[in-house]
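Have a look at the structure below before the remarks.
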């Protein structure tokens, strides 16, 4: 009788629940082409994973919160560390549990493009520059 060998299926990172960090996904990783991890504040505690858009701008893709600084309650991540809580003010609303150590949250809304005041100031500055050039 021949034994069949079963191949072990590898779990995706963060899905096992045995890691050191809780991962809070803020934006989908498909938006980015490169990633960089940065320590925020003191060493070991809170880390920011920044992603670079194809256009070259950088944004926060994910936050990594050490498990000793947070806990899970009712399918929601609660941040215990006061310093980590102030940094995570960028997150809007609740931090929802997906699977394992992975959570999802929404980023704060950003304004796209210049505001009305910025547009007005820019046109005034252009007028002043033209006047100075011709009267110069």
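The values are calculated or read from the model by the stated rules, or taken from the named source; none is laboratory data. Bear in mind the structure is a predicted one, so any value in this text is a computation, not a measurement. Methodologically, a virtual Cβ is constructed for each residue, glycine included, from the backbone with ideal geometry; neighbour enumeration extends over all protein chains shown.
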*Can you tell me which residue within the stretch 29-56, out of those that are touching a strand residue (DSSP E or B) at 6+ places or on another chain (Cβ under 8 Å) and outside any strand (DSSP E or B), is nearest to residue 103 (Cα to Cα)?*
29
*Is it true that some residue in the stretch 101-119 is more than 17 Å from the chain's Cα centre (by Cα) and either surrounded by 12 or more Cβ atoms within 10 Å (Cβ to Cβ) or assigned to a strand (DSSP E or B) (or both)?*
no
*What number goes with the only condition from (1) surrounded by 18 or more Cβ atoms within 10 Å (Cβ to Cβ); (2) part of a helix (DSSP H, G or I); (3) modelled with pLDDT of 80 or more that residue 85 does not pass?*
(1)
_Single residue of the stretch 57-72 satisfying the filter (part of a strand (DSSP E or B) and in contact with a helix residue (DSSP H, G or I) (Cβ under 7 Å, 6 or more places away or on another chain)) that is nearest to residue 28 (Cα to Cα)_ = 61
*Look through the stretch 11-28, keep the residues that are over 11 Å from the mean Cα position of the chain (by Cα), assigned to a loop (DSSP other than H, G, I, E, B) and modelled with pLDDT of 75 or more, and return whichever of them is nearest to residue 82 (Cα to Cα).*
20
